Amino acid sequence: DMVGWFQHHPYLDTEKPEPATVGGVKGVQFDYIVSEDAPYDEITLFKYTDGSQGAAGKGFKHRAIVLEGVKGKTVTIGIGSPTTEFDDFLPKAQKVLDSVKWTTS
């Protein structure tokens with residue numbers, strides 16, 4: 001339950017999930033920030049398959065889009081920028097999301 005994991009993370013302040021669609025696949029999206037009471041300025045959230053880490057830091061705002069059923073898998077898309085630039089960045093990120101096409105191969 002990726003959405004529940006984010007929503008209940010002790011060092012993230014998350015907004016309520018809303019419906020989202022990417023490439024015709026439905027899911028949910030929500031924004032989050034690292035909470036002010038987090039013990040570090042940056043927290044590791046996950047590891048990529050190549051071993052590198054995905055992190056979130058104070059002063060940044062992120063959007064997670066969680067899609068269920070992309071070729072039988074859960075896909076999580078992350079968007080982030082400095083908090084003060086987030087609203088201006090979203091239209092640029094949306095253009096990329098609008099270009100997503102899931103293939104069968």
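Of all the residues that make up region 1-30, how many are assigned to a strand (DSSP E or B) and touching a residue at least 40 places away in the same chain (Cβ under 8 Å)? Show your work before the answer.
As a first pass, look at region 1-30 and keep what is assigned to a strand (DSSP E or B): 12-14, 18-22, 25-30.
Filter once more, so that each one left must be touching a residue at least 40 places away in the same chain (Cβ under 8 Å): 12, 20, 22, 25-27.
Within region 1-30, residues that are assigned to a strand (DSSP E or B) and touching a residue at least 40 places away in the same chain (Cβ under 8 Å) number 6.
Answer yes or no as to whether T21 is open to solvent by 80 Å² or more (accessible area, probe 1.4 Å), among the hydroxyl-bearing types (S, T, Y) and touching a strand residue (DSSP E or B) at 6+ places or on another chain (Cβ under 8 Å). Even if it seems obvious, please write down each step before you answer.
Values: open to solvent by 80 Å² or more (accessible area, probe 1.4 Å): yes; among the hydroxyl-bearing types (S, T, Y): yes; touching a strand residue (DSSP E or B) at 6+ places or on another chain (Cβ under 8 Å): yes.
When the stated conditions are applied, T21 passes them.
Residues checked against (1) at pLDDT 95 or above; (2) surrounded by 12 or more Cβ atoms within 10 Å (Cβ to Cβ); (3) within 21 Å of E18 (Cβ to Cβ):
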residue	(1), (2), (3)
K58	yes, yes, no
I65	yes, yes, yes
E68	no, yes, yes
K71	no, no, no
T74	no, yes, yes
I77	no, yes, yes
F89	yes, yes, yes
K92	yes, no, yes
T103	no, no, no
task = Might you let me know whether region 79-86 holds any residue that is free of Cβ contacts under 8 Å to residues at least 12 places away in the same chain and either loosely packed, with under 10 Cβ neighbours inside 10 Å or assigned to a strand (DSSP E or B) (or both)?
result = no
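The values are calculated or read from the model by the stated rules, or taken from the named source; none is laboratory data. Owing to the predicted nature of the structure, the values given are computational and were not obtained by experimental measurement. Neighbour counts run over all protein chains shown; Cβ positions are idealised from the backbone, glycine included. Keep in mind that these areas ignore ligands, DNA and RNA; they rest on the heavy atoms of the full protein, side chains included. Shrake-Rupley method; radii C 1.70, N 1.55, O 1.52, S 1.80 Å.
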